[in-house]
Amino acid sequence: MRALAAVQVAFAAFMGLSISNAKSLDHGQAGAQALELAKRAIALRSVRGPGNQTLEVASLFKSALVAGGFADEDVTITPVDDTAFLIARWKGSDPKLKPIVISGHMDVVEARPSDWERDPFTPIVENGLLFGRGASDMKLDDALAVAALVELKREGYRPRREIVLEFSGDEETTMKTTQMIAGALSNSEMVLNVDGTGGQLDPEGKPQYFTWSGAEKTYGDFELTVTSPGGHSSRPYEPNAINEMSAALVRIGEYKFKPELSELTRAYFTTAARYESSEVAAAMRAFAADPVDSQAIAVLRANPRTVGKIGTTCVATMIKGGHALNALPQRVTADINCRIFPGHTRAEIMAELQRAAGDPAIQFKDISEGSVATEASPVRADVAAAITRAVHMSYPEVAVFPTMSAGASDSMWFRNEHIPSYGVSPLFIKDADRFSHGLNERIPVDDIPTSLTYLLSLFRDLSK
C-alpha cells in the first residue's frame with residue numbers, strides 16, 4: 001500500500017505539467033495504475049515466436065482487473081498456439097441489451113535491442129515520453145482501458161449494457177485470436193477499439209484536433225514470381241529473370257490507383273485542412289469537392305500523411321532471386337504490400353497489379369494472412385456525440401471528426417461479423433513522436449489524466 005501511495009504521489013506531481021492546461025478530472029489512483037501497468041507490460045516481450053510473453057501480459061491485466069473488483073471467473077485467458085487472448089465481462093443491469101466491446105491487443109512487433117538507443121523492453125519515462133516497444137502500439141492504451149474500468153468499479157458505477165473487455169494476442173501477425181474473439185462476440189452492439197487514431201499535437205505540443213476511425217483499408221500481400229532455365233553467366237540471354245522482374249516492379253511502382261473518396265475521408269479532408277500548410281490545405285479541400293482534381297491529387301500523393309487516404313496504395317517490400325554469383329537467375333520473387341481502399345477485394349487489386357506489371361510470364365499469388373475486406377462502419381450519431389463529448393471534457397475547443405485508418409486493426413474482424421467498430425484511442429501525439437513499429441517507440445504520458453477522463457465518459461455514455 002505504501003508503494004502504491006508513493007507511485008500516486010509521484011504521478012500526481014509529474015502530471016502537474018499536463019499539456020496545454022487541459023481541463024481533466026482528478027483520477028490520480030487510476031493514472032498511477034495505468035502508467036505502472038503500461039511499464040510492466042512493455043517489459044514483457046510479447047512477440048510472436050520463441051519466448052512469446054503475451055500470456056504473461058494477459059495475466060498481468062487479469063490480476064489488475066480482479067484486484068479492481070472483477071470476479072475471477074469473469075476474466076478468462078485462452079492460450080492459442082504461442083499466444084493468448086483475454087476476455088473480461090462486466091454484466092449490465094439490462095440483459096436484453098447487446099454488449100459493448102472494448103478492444104485492444106497485447107502483442108507487439110519485433111524489436112532488435114542493438115538497433116535502439118535504449119533497450120526496447122526496458123520501459124523508461126524521459127521528458128514526458130514513455131519509451132519502449134509497444135508504448136504507442138498499444139500497451140499504454142490497454143493499461144488505460146483497464147484502469148478506467150477499475151475506476152468505474154471504484155466509483156460504484158453499474159452499466160445498463162454489458163461491457164466486455166477483450167485483448168487479442170496476435171494483431172500484429174495472423175490475427176487468429178482476433179478472428180476467434182469476433183466470432184465469440186458476434187452478438188455485440190458495437191466495438192470501441194482503443195487502438196489507433198486519437199489526438200494530433202502541433203510541434204509545440206498543443207492539441208490541434210482529434211480523430212476517430214470508422215473504416216480501415218484492407219491489408220494485402222502479393223507474391224510475384226518469374227522463372228527461367230538459367231545457365232552460365234558467361235552466356236547471357238534474354239529475358240534475364242532479374243531484369244524481367246525489375247522492369248515489372250518499375251511499372252508497378254509508377255502505376256497509380258484511382259483516387260477515391262468516402263463519407264469518412266471527405267469529413268476528414270474538409271475538417272483537417274485548417275491545420276495544414278496552405279498548399280496541402282487547398283488540395284484537401286479541392287479533393288473533397290472533386291476527387292478527380294489532378295492538381296489536388298498530385299499534392300496529396302506527394303504527402304506521406306495524406307497519400308494513404310486518397311485510394312489504394314501498393315509498394316514493393318521484399319525481393320530475392322538468383323542462386324550463384326556466376327549463374328543466370330533461375331527464379332526471382334518479389335512481394336508487394338497493398339493497403340486497399342474499402343469497397344475493393346484483394347482479387348480485384350491483384351488483377352489490377354497484373355495489368356500494371358504488363359508481363360504474362362510473371363505469376364501472381366495472394367499470400368495475405370489474417371485479412372478480410374470490410375465495409376466502413378456506419379457513422380452513428382450516438383457514437384460521434386459520445387466521442388465529441390468525451391474529448392471536450394478536457395479540450396472544449398478541439399475539433400473532433402472521423403477518419404479512415406490506413407493500417408489494419410482488430411476492427412476488421414468485428415466488421416466482418418457485421419459489428420460496427422470504431423477506433424477511439426484517447427492519446428494525443430506529435431508527428432515527430434510517431435514511431436509505432438519503428439525504432440525508439442514512444443508515447444506522451446502527461447495527458448494520462450485527460451485520457452482517463454475521456455475513456456470514463458465514453459464508457460459511461462455508451463453503456464448506459
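The values are calculated or read from the model by the stated rules, or taken from the named source; none is laboratory data. This is a predicted model, so every value here is computed, not measured. Here the Cβ is made from the backbone with ideal geometry for all residues, glycine too, and neighbour counts use every protein chain on show.
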How many residues, within region 423-443, are in contact with a Lys or Arg (Cβ under 8 Å, 6 or more places away or on another chain), modelled with pLDDT of 90 or more and either crowded, with 23+ Cβ neighbours inside 10 Å or assigned to a helix (DSSP H, G or I) (or both)? 1
Among (1) crowded, with 16+ Cβ neighbours inside 10 Å; (2) in the same structural domain as Thr312 (by TED's automatic domain parsing); (3) of a type in the set (Val, Ile, Thr), there is one condition Val292 misses while meeting the rest; what is its number? (1)
Exclusive hit being closer than 21 Å to Ala406 by Cα and out of contact with any helix residue (DSSP H, G or I) (no Cβ under 7 Å at 6 or more places or on another chain), set Arg355, Arg346: Arg346
State yes or no: is Gly169 under 18 Å from the mean Cα position of the chain (by Cα) and under 21 Å from Ile448 (Cβ atoms)? no
How many of the residues making up region 98-119 are among the β-branched types (Val, Ile, Thr) and in a loop (DSSP other than H, G, I, E, B)? 2
Please enumerate the residues belonging to region 89-143 that are surrounded by 19 or more Cβ atoms within 10 Å (Cβ to Cβ) and farther than 18 Å from Ser436 by Cβ. Trp90, Gly92, Pro99, Ile100, Val101, Ile102
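A quick yes/no check of all residues on (1) more than 19 Å from Thr374 (Cα to Cα); (2) touching a strand residue (DSSP E or B) at 6+ places or on another chain (Cβ under 9 Å); (3) buried (at least 18 other Cβ atoms within 10 Å of the Cβ); (4) modelled with pLDDT under 95:
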| position | (1), (2), (3), (4) |
| --- | --- |
| Ala215 | no, yes, yes, yes |
| Asp221 | no, yes, no, no |
| Ala248 | yes, yes, yes, no |
| Ile252 | yes, yes, yes, no |
| Tyr255 | yes, yes, no, no |
| Pro259 | no, no, yes, no |
| Leu264 | no, yes, yes, yes |
| Ala282 | yes, no, no, no |
Quick check on Glu397: is it more than 25 Å from Gly132 (Cβ to Cβ) and without any contact (Cβ under 8 Å) to a residue 60 or more places away in the chain? yes
Mind listing just one residue for me: the one in region 310-349 that is part of a helix (DSSP H, G or I) and surrounded by fewer than 20 Cβ atoms within 10 Å (Cβ to Cβ) and, of those, nearest to the chain's Cα centre (by Cα)? Arg346
Selection from region 54-87 of residues that are in contact with a strand residue (DSSP E or B) (Cβ under 8 Å, 6 or more places away or on another chain), among the aliphatic types (A, V, I, L, M) and farther than 12 Å from Ser168 by Cα: Leu65, Val66, Val75
If you go through region 363-370 one residue at a time, do you hit one that is touching a residue at least 12 places away in the same chain (Cβ under 8 Å), of a type in the set (D, E, K, R), under 23 Å from Thr403 (Cβ atoms) and in a strand (DSSP E or B)? no
With respect to Gly407, is the statement that it is over 29 Å from Leu152 (Cα atoms) and without any contact (Cβ under 8 Å) to a residue 60 or more places away in the chain true? no
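Please tell me if Asp119 is over 27 Å from Ile419 (Cα atoms) and either touching a strand residue (DSSP E or B) at 6+ places or on another chain (Cβ under 9 Å) or in the same structural domain as His437 (by TED's automatic domain parsing) (or both). Steps first, please.
Working: over 27 Å from Ile419 (Cα atoms): yes; either touching a strand residue (DSSP E or B) at 6+ places or on another chain (Cβ under 9 Å) or in the same structural domain as His437 (by TED's automatic domain parsing) (or both): yes.
It is true that Asp119 is over 27 Å from Ile419 (Cα atoms) and either touching a strand residue (DSSP E or B) at 6+ places or on another chain (Cβ under 9 Å) or in the same structural domain as His437 (by TED's automatic domain parsing) (or both).
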